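First the structure, in the form of structure tokens, and then the observations on it.
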Amino acid sequence: MIRRLLFVHAHPDDEASKGAATAAMYVDQGAEVTLVTCTGGEAGDVLNPKAAAVDRAAMAAVRSRELAAAVAAIGFTRTYELGYVDSGYHEDPADIPAGAFGRTPLDEPSRTLAGILRRERPQVVVTYPEDGGYPHPDHIMNHAVTIRAMELAADPAVDLSDVSDGERPSWRVPKVYASSIFPSERVLTLHEAMLEYGLESPYVKWLERRDEHPDDAVDDAPDARIPCADWFPRRDAALLAHVSQIDPDGGWFQVPRDLERDRYPYESYVILRSDVEVEPPETDLFAGLDLAALDDFDGRVGSGAW
Ligand SMILES: [Zn+2]
């Protein structure tokens, strides 16, 4: 029984900043871990002051090369690049350029992803929260596309033979998570640890915002905390592979690694849907799944609702 995990990400570098250590861990444990990246990240600016300037026209090629290096660091079993055009960051959806991912009719990328789901038959899919996790239009779209794709993949009446490399049975993903990269418990734990060691906390602004808007406080306790600190170096290598995006002396590396490992040795997830009972906090994304039964499952039973 092969465990199959599939991540859906918006841009090159998201696979490094969200769930990279989890992915590397499952790869090392023999699971098949597939990466789907929806856009080319070509609207991104060079965010690392130490990186060379990049012409706008060359950005897609640079980010594709960086993605390949990060994929090698993490060890993904297979990757798919859907090739949609990065929307760029816009607070007002009206500002998203025509033709960009955030303006693409939902079913177009969703069908493509649904075809991949039927090919890969992952028991676990990881996407973003409904609000994107942060309000980049491509991250919000990433969630919507994932949900719609799961609906299409699970519906035996939907013909996806053109996007699934031939006719394949429908597939219902039994467990679906959203990455939660900054749950309150992680921020508070690392903030306190930094202060304890007399270090400057990168989370002061985050805490100020929270104190200013106490009514917005939500219970964001993760449903799954995956202990994957042994794979944090692989995550860091993947982050550093994104030379144009990640400053090695910047925010991503501000918390000393031994401190992080000691105090919050996890990557965290919230459950979006599960066909089996979830007992938080889980320590394994495949917890509760009967993999043998799922392997036999021909995908033709179950409801069409995602
Ligand atoms: Zn992104």
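Readers should treat all values here as calculations from the given coordinates under stated rules, not as data from a laboratory. Everything numeric here is computed off the predicted structure, so don't read it as measured data. Cβ atoms come from the backbone with ideal geometry, glycine included; neighbour counts cover every protein chain shown.
Points to keep in mind about this one:
- Just so you know, the Rg over Rh for the chain is 0.96, from Cα atoms, with Rh as the Kirkwood radius.
- Cα gyration tensor, region 125-181 - rounded (a/c under 1.5), prolate or oblate: prolate
- For R172, residues with placed amide H under 5 Å, excluding near neighbours: none
- Separation of the V163 and D284 label points, Cα + 7 Å toward Cβ, nm: 3.3 nm
- 18 Å cut-off, amide nitrogen to a point 7 angstrom out along L291 Cα→Cβ, residues in region 12-45: 22-35
- Note on K175: lysines with a C-alpha under 22 Å away, same-chain residues under 8 apart excluded, are K18.
- C38 sits among other residues whose Cβ lies under 10 Å from its own Cβ, and their net charge, with Lys and Arg +1 and Asp and Glu -1, is -4.
- Protection proxy ranking, highest mean first, for peptides 199-211, 80-92, 6-18: 6-18, 80-92, 199-211, where packing is the per-residue count of other beta-carbon atoms within 10 Å, averaged.
- Taken over region 208-297, the alpha-carbon convex hull comes to 177 cubic angstrom per residue.
- Inter-label distance for R65 and I181, nm, one decimal - labels placed 7 Å from Cα along Cα-to-Cβ: 2.3 nm
- Counting beta carbons within 10 Å around each of W171, W231 and listing the fewest first gives the order W231, W171.
- For region 158-170, backbone phi angles converted through the Karplus equation (6.51, -1.76, 1.60; θ = phi - 60°) give residue-by-residue couplings of 8, 8, 10, 4, 6, 10, 10, 6, x, 6, 9, x, 5 Hz, Gly and Pro being listed as x.
- With a cut-off of 19 Å on the backbone N, the residues of region 126-169 near the modelled label site 7 Å out from D275 along Cα-Cβ are 126-127, 146-160, 168-169.
- Computed over neighbours whose Cβ is under 14 Å from that of A114, the net charge equals -2, Lys and Arg +1, Asp and Glu -1.
- Once backbone amide H atoms are built at 1.01 Å from N, T79 has L35 as its partners under 5 Å, excluding neighbours fewer than 5 places away on the same chain.
- Theoretical FRET efficiency, 1/(1+(r/R0)^6), r = Cβ-Cβ of D249 and D211, R0 25 Å, to 0.05: 0.30
- Listed peptides 163-169, 177-183 by packing density, highest first (mean Cβ within 10 Å): 177-183, 163-169
- Remark: the Cα gyration tensor places region 31-89 in the oblate category, a/c being 1.5 or greater and a/b not exceeding b/c.
- Neighbourhood net charge (12 Å Cβ-Cβ; Lys/Arg +1, Asp/Glu -1) for V27: +2
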